[in-house]
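**Q** Sharing a structure, written as structure tokens. Questions coming.
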Amino acid sequence: MTYVMKEWKEQSRGKGLWLAFGMIAVISLLLLFQARALPTEHSFTMLLVSLFEMNMYLIPLISLFISSFTLMQEKEQKTMMILITRKESYFSFLVKKSCAVQSITIGMYMIWFIVLAILAKQSLGFRSEHFLAFLTTTVVLNLIFNQIGLFLGSICTHRMQLMGAAIFTWFLFVFLSDLAFLYWLPGVHHGNVRVFSILFFLDPFHASRLYLDTSLGLFSLEYMSRLMEAIVWMKPVYFMLMTTVFWVGLSLGAASLCRGRVWSK
Amino acid sequence: MKRARKLGWSICLGLGLLFTVHRTAFAGNELQLLIDQTPENGVLQLEDRTYEGNVVITKPIRMVGSQHTIIQGEQAGNVIEIKAPEVVLEHVTVTHSGNDRNSGEEYAAIKLFEDRNVLRDITITDSFHGIYLSQSHENEISQIHVTGQAGEIASQGNGIHLYYSNNNQISENTIAGTRDGVFMDYSNGNTITDTQVKQTRYGLHFMYSNDNRLSNNQFSLNTAGAAVMFSYRNTLLENEFSLNQGSRSFGLMLQSSDDNWMKDNLFYQNLRGVYMDQSHNNRVEGNDLTQNDVGVELWGSSSGQVFIHNRFNRNIASVLTFGGRSNNEWHEHGRGNYWDHAPLLDLNQDQIGDAPMVYHSSIYTLVEDNELAYLFLKSPAIQIYEKINEILHREQVMLVDPYPLLVQSTQRVKPVSIPMVVSIASMVIVLFIAIQRRRRR
């Protein structure tokens, strides 16, 4: 709780968090107005899809920057040294820091999207189960990219280096990975489809989009081709869980390991 | 002692069975008896309660239910069979038809074998097919609400099924969760209006059915909106095909179907808006194709189509053509289509672009090679992929519209709602006060 309070004080005093959420608020309000032009029965579903597409671009960017810079700040202000010398390992510090960052950013998203849902309820066909599915994908994207951000913050030593790493990571997830998949596509066949499927759904966007689309009733898992059935070999929620556990675990473990090596050098 | 106990149990069981069978039979006979007692062209007013089926109507009568009138079938066979012309059935709920897929007959909640019947304001649940028209013509079917059974869609029947049935009027129905919403097999000259179909396999499915007319219907959240197969001269007017986004979905598919006319329909947020294969001389006019992954997908086996006055808005790929370009026309009488991605010069201000619109794409090779390409159409990377291939000259001309029209906005914008403005204003005020207080501190 101390970490959460400390994090909240630091974040709320800075402009970064407010600017980021201001951007989210403005864009989501614009999307809300746009959704009102659609038939009422589907307008809320379409709003959620549009918000998810906004999240695909903004959450990685915001999370990577906020979480990595908060760790960099701890290093620069030497507060991390103070915290760690108090008989606390780097791993336990990282876990606590992660919890603090995650709870503040996720909390902010939750509050804003609930406010937006209240506004949407007035003019669109609100459906609570659809909204919950959307919130779940928001939480998942936050968890993953915050944790990757904390990893970057752990391994980078300068602000410029960190900025480059964060932008590259964002570009990698949003553009490069799919571009690589697109060039691999002609070589995908029944023999290697399972490998393709695992790598495809390790991309947080693919796993969370499938979960959202199936939860909203947009994507039916019936009448798929045999190749598609081989791709979607688990329930969408399990793909999402798999990618969350993988990225959060990998980032946390790698951050702890790499940091240990940096110190030993 | 043991034997006596056994005998006692057997008697009890036997009596119980006898009582149950007798009661069902009696209740089933009750409605059949009432129907049989109603004179020809007479009115049978049903009470606000559950009647046991199954029943057969063999003379023209009017059977009217009230708010809670339920006709419950035996879960075997058809619940109501209409074997007379000019029967009127209205204001009832029909449930529990047979589901046996191995029987020689496909069962339904209501099955029509004769002509000129009227079915109105009927709710159908827990049945294989909802309404089945078997060589039954000139019927009026309206305000029918069919809900499919829970579970796999493939094992269910259709909402409204027409088999060799012509000139029927089907209107103002809602169908959800069945296999196909409306299925027509060898059925001609039917009219379907103001019907909503969602969460089915095909919202509408035509097989060998000609000269039908569909208007103002809504097909959404289906595996596919409408599939028109081996059918000719059908008219689709002002329908909405939206949110059909499965892995092989489409808003409207024409397969081996010729001379159909699609006018003023909305294709919104489908995997593919319009899909054509082995179809010829169809006319696609004035439709709105918005935010689909692929606006129109045309296979080389299709030719002679005319696309005019259609609006292509924010589709990821407006048009994809496969297997070479056929002689499809993208203009008529000096007017083409509206393309949102084409910057147009109109120096003479005749609302027609001064230069032809040539649409290139490289995605077609991906889609042609591997169906998994559809998984990436929503990806931000797809635009980069197109750009890279544009630079490398690996793209191909998908279409040429010599007379592109200047884009017209067709989005319907609702007036701003007062509660929403008030909510946003109060949020801004609260935020402003919070910032002010913070500054004072």
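The values are calculated or read from the model by the stated rules, or taken from the named source; none is laboratory data. As the structure is a prediction and not an experimental result, all values here were calculated from the model. Using ideal geometry, Cβ is built from the backbone for each residue, glycine included, and neighbour counts are taken over all protein chains shown. For the accessible areas, the whole protein counts, side chains as well, though only heavy atoms, and no ligand, DNA or RNA atoms are used. Shrake-Rupley method; radii C 1.70, N 1.55, O 1.52, S 1.80 Å.
**Q** Are any of the residues in the stretch B:182-193 within 11 Å of the chain's Cα centre (by Cα), away from chain A (no Cβ under 14 Å) and not aliphatic (A, V, I, L, M)?
**A** Yes, the stretch B:182-193 has at least one match.
**Q** From the residues in the stretch B:295-324 that are surrounded by fewer than 17 Cβ atoms within 10 Å (Cβ to Cβ) and either part of a loop (DSSP other than H, G, I, E, B) or of a type in the set (Lys, Arg) (or both), which one is modelled with the highest pLDDT?
**A** B:Gly304
**Q** Okay, moving on. Which one is most open to solvent (accessible area, probe 1.4 Å) among residues in the stretch A:27-41 that are within 22 Å of the chain's Cα centre (by Cα) and within 11 Å of chain B (Cβ to nearest Cβ)?
**A** A:Leu29
**Q** Exactly one condition in (1) away from chain B (no Cβ under 12 Å); (2) within 15 Å of A:Ile144 (Cβ to Cβ) is not met by A:Thr79; state its number.
**A** It is condition (2) that A:Thr79 fails.
**Q** Just to be sure I understand, how many residues within the stretch B:150-168 are away from chain A (no Cβ under 14 Å) and either open to solvent by less than 40 Å² (accessible area, probe 1.4 Å) or modelled with pLDDT under 95 (or both)?
**A** Result for the stretch B:150-168: 8.
**Q** Same structure, new question: Just checking, which of B:Asp277, B:Asp259 is surrounded by fewer than 19 Cβ atoms within 10 Å (Cβ to Cβ) and either within 12 Å of another protein chain (Cβ to nearest Cβ) or at pLDDT below 95 (or both)?
**A** Answer to the check: B:Asp277.
**Q** Then there is this: Looking at the stretch A:130-143 only, could you name the residues that are within 14 Å of chain B (Cβ to nearest Cβ) and open to solvent by 50 Å² or more (accessible area, probe 1.4 Å)?
**A** none
**Q** Continuing with the same structure: If I filter the stretch B:217-232 down to residues being open to solvent by 20 Å² or more (accessible area, probe 1.4 Å) and either part of a strand (DSSP E or B) or without any contact (Cβ under 8 Å) to a residue 12 or more places away in the chain (or both), which single residue comes out as farthest from B:Gln278 (Cα to Cα)?
**A** B:Gln218
**Q** Of everything in the stretch B:202-216, what is open to solvent by 50 Å² or more (accessible area, probe 1.4 Å) and within 14 Å of another protein chain (Cβ to nearest Cβ)? Give them in sequence order.
**A** Hit for the stretch B:202-216 is B:Asn216, nothing else.
**Q** Of the numbered conditions (1) within 13 Å of another protein chain (Cβ to nearest Cβ); (2) hydrophobic (A, V, I, L, M, F, W, C); (3) open to solvent by less than 30 Å² (accessible area, probe 1.4 Å), A:Trp170 fails exactly one; give the number of that condition.
**A** If we test A:Trp170 against (1) within 13 Å of another protein chain (Cβ to nearest Cβ); (2) hydrophobic (A, V, I, L, M, F, W, C); (3) open to solvent by less than 30 Å² (accessible area, probe 1.4 Å), just (3) comes out false.
**Q** Being over 20 Å from A:Met1 (Cα atoms), assigned to a helix (DSSP H, G or I) and among the aromatic types (Phe, Trp, Tyr) is the filter here, so list the residues in the stretch A:104-148 that pass it.
**A** Once the filter is applied, which keeps residues that are over 20 Å from A:Met1 (Cα atoms), assigned to a helix (DSSP H, G or I) and among the aromatic types (Phe, Trp, Tyr), the stretch A:104-148 yields A:Trp112, A:Phe113, A:Phe131, A:Phe134, A:Phe145.
Each row is one residue, and each column tells you yes or no for (1) open to solvent by less than 30 Å² (accessible area, probe 1.4 Å); (2) over 18 Å from A:Pro204 (Cα atoms); (3) assigned to a helix (DSSP H, G or I).
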{"residue": "A:Met46", "(1), (2), (3)": "yes, yes, yes"}
{"residue": "A:Glu53", "(1), (2), (3)": "no, no, yes"}
{"residue": "A:Pro60", "(1), (2), (3)": "yes, no, yes"}
{"residue": "A:Ser63", "(1), (2), (3)": "yes, no, yes"}
{"residue": "A:Gln73", "(1), (2), (3)": "no, yes, yes"}
{"residue": "A:Ile82", "(1), (2), (3)": "no, yes, yes"}
{"residue": "A:Lys96", "(1), (2), (3)": "no, yes, yes"}
{"residue": "A:Cys99", "(1), (2), (3)": "no, yes, yes"}
{"residue": "A:Gln102", "(1), (2), (3)": "yes, no, yes"}
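**Q** Exactly one condition in (1) farther than 26 Å from B:Ser66 by Cα; (2) touching a residue at least 40 places away in the same chain (Cβ under 8 Å) is false for B:Asp100; which is it?
**A** (2)
**Q** Mind counting the residues in the stretch A:217-239 that are open to solvent by less than 10 Å² (accessible area, probe 1.4 Å) and either under 15 Å from A:Phe134 (Cβ atoms) or within 12 Å of chain B (Cβ to nearest Cβ) (or both)?
**A** 3
**Q** Could you please let me know if B:Gly189 is of a type in the set (Gly, Ala, Ser) and either open to solvent by 30 Å² or more (accessible area, probe 1.4 Å) or assigned to a loop (DSSP other than H, G, I, E, B) (or both)?
**A** So B:Gly189 passes the test.
**Q** Shifting gears a bit: Search the stretch B:233-253 for residues being within 14 Å of chain A (Cβ to nearest Cβ), open to solvent by 20 Å² or more (accessible area, probe 1.4 Å) and over 10 Å from the mean Cα position of the chain (by Cα), and hand back the single one that is modelled with the lowest pLDDT.
**A** My answer is B:Arg248.
**Q** Report, by residue number, each residue of the stretch B:36-63 that is open to solvent by less than 20 Å² (accessible area, probe 1.4 Å) and either within 20 Å of B:Thr123 (Cβ to Cβ) or of a type in the set (Gly, Ala, Ser) (or both).
**A** Selection gives B:Gly42, B:Leu44, B:Leu46, B:Tyr51, B:Gly53, B:Val55, B:Ile57, B:Met63.
**Q** Okay, moving on. Take the residues in the stretch A:176-216 that are facing another protein chain (nearest Cβ under 8 Å), open to solvent by 30 Å² or more (accessible area, probe 1.4 Å) and without any contact (Cβ under 8 Å) to a residue 24 or more places away in the chain, then tell me which one is farthest from the chain's Cα centre (by Cα).
**A** If we take residues in the stretch A:176-216 being facing another protein chain (nearest Cβ under 8 Å), open to solvent by 30 Å² or more (accessible area, probe 1.4 Å) and without any contact (Cβ under 8 Å) to a residue 24 or more places away in the chain, then A:Pro186 is farthest from the chain's Cα centre (by Cα).
**Q** Does the stretch A:193-206 include one or more residues that are assigned to a helix (DSSP H, G or I) and modelled with pLDDT under 90?
**A** no
**Q** Report, by residue number, each residue of the stretch A:111-125 that is open to solvent by less than 60 Å² (accessible area, probe 1.4 Å) and either closer than 8 Å to A:Phe44 by Cβ or within 12 Å of chain B (Cβ to nearest Cβ) (or both).
**A** Those that are open to solvent by less than 60 Å² (accessible area, probe 1.4 Å) and either closer than 8 Å to A:Phe44 by Cβ or within 12 Å of chain B (Cβ to nearest Cβ) (or both): A:Trp112, A:Val115, A:Leu116, A:Ala117, A:Leu119, A:Ala120, A:Ser123, A:Leu124, A:Gly125.
**Q** Same structure, new question: Could you grab me the full set of residues in the stretch A:222-251 that are assigned to a loop (DSSP other than H, G, I, E, B) and touching a residue at least 12 places away in the same chain (Cβ under 8 Å)?
**A** Listed by number, the residues that qualify are A:Val232, A:Trp233.
**Q** Report, by residue number, each residue of the stretch B:377-435 that is at pLDDT 85 or above and of a type in the set (D, E, K, R).
**A** Within the stretch B:377-435, B:Lys378, B:Glu386, B:Lys387, B:Asp401 meet the criteria.
**Q** Name the residues in the stretch A:122-133 that are more than 13 Å from A:Gly217 (Cβ to Cβ) and among the hydrophobic types (A, V, I, L, M, F, W, C), would you?
**A** Residues satisfying the conditions are A:Leu124, A:Phe126, A:Phe131, A:Leu132.
**Q** Among all residue pairs at least 6 apart or on different chains, which show Cβ distances below 7 Å where the first residue, located in the stretch B:330-354, is farther than 10 Å from B:Pro404 by Cβ and the second is among the hydroxyl-bearing types (Ser, Thr, Tyr)?
**A** Pairs that qualify, where the first residue is farther than 10 Å from B:Pro404 by Cβ and the partner is among the hydroxyl-bearing types (Ser, Thr, Tyr), are B:Gly334/B:Tyr403; B:His341/B:Ser318.
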